[in-house]
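Scroll down for the structure; my scribbles are underneath it.
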Amino acid sequence: MLDKRVQQLMDFYRRVETERMQGLPLLNPALRVEAVGFRLADEDALVAEGVLITPWFMSLVRLPLAVEAHGGRVGRKRILPFGQEHFEFIGAHDPALGFHEACALFSPMGGFLHQDQARETAEAVLAQLRPAPMPAAAPTMARPVPARRAFLLGLRAGGAA
């Protein structure tokens, strides 16, 4: 379901680019629509989140896994978690895509020379927001349990009392 929804997101913004944005000077011709690092949200397994790159913006995006009605949330701002931080997201809706929320990172995108640079920036943002989990601490050595007789005689494991 995650891959399907992310593909729907990219398809929607590709249509926006070709049907609504063509000829506008803010489009960066070196860039294309791409979804980077989408995965299930840490706090909500029914929402995918990642970075969306387009020729006119780059945003953090929260996308419900099911197409949802807007429920009056279009244009509304909410502070929501994303990785280890909280950001202000703005609600958007399209009947084909459903409700989703975005937090702008860059707009317009004229400062990016090529798609690889935009993708590397998106990946760096995600690395900052989703740091790698710390390795589990090595188990501590448990103190040996003294034999029952030693315990009763007041002797500690490994030595005298």
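FYI, it's all coordinate maths here, none of it is from the lab. These numbers come from a predicted model, not from an experiment. A quick note on method: Cβ atoms are made from the backbone with ideal geometry, for glycine too, and the neighbour counts reach across all protein chains shown.
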Review point. If you go through segment 59-88, how many residues are of a type outside the set (D, E, K, R) and over 13 Å from the mean Cα position of the chain (by Cα)?
Key: 10
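Okay, residues lined up against (1) buried (at least 17 other Cβ atoms within 10 Å of the Cβ); (2) out of contact with any His (no Cβ under 8 Å at 6 or more places or on another chain):
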| site | (1), (2) |
| --- | --- |
| His70 | no, no |
| Gly75 | no, yes |
| Gly83 | yes, yes |
| Ile90 | no, yes |
| Phe99 | yes, no |
| Pro108 | no, yes |
| Gln117 | no, yes |
Point to revise | Residues satisfying the stated conditions in segment 7-27, i.e. surrounded by fewer than 17 Cβ atoms within 10 Å (Cβ to Cβ) and assigned to a loop (DSSP other than H, G, I, E, B) | key: Gln22, Gly23, Leu24, Pro25, Leu26
Practice item. Considering each residue of segment 87-139, count those that are touching a Leu at 6+ places or on another chain (Cβ under 6 Å) and polar (S, T, N, Q), and give that number. Key: 1
Point to revise | Number of positions in segment 17-56 that are β-branched (Val, Ile, Thr), farther than 16 Å from Leu126 by Cβ and in contact with a helix residue (DSSP H, G or I) (Cβ under 7 Å, 6 or more places away or on another chain) | key: 2
Exercise for review: Could you please find all residues in segment 1-48 being of a type in the set (Asp, Glu) and within 17 Å of Met109 (Cα to Cα)?
Suggested key: Glu17, Glu34
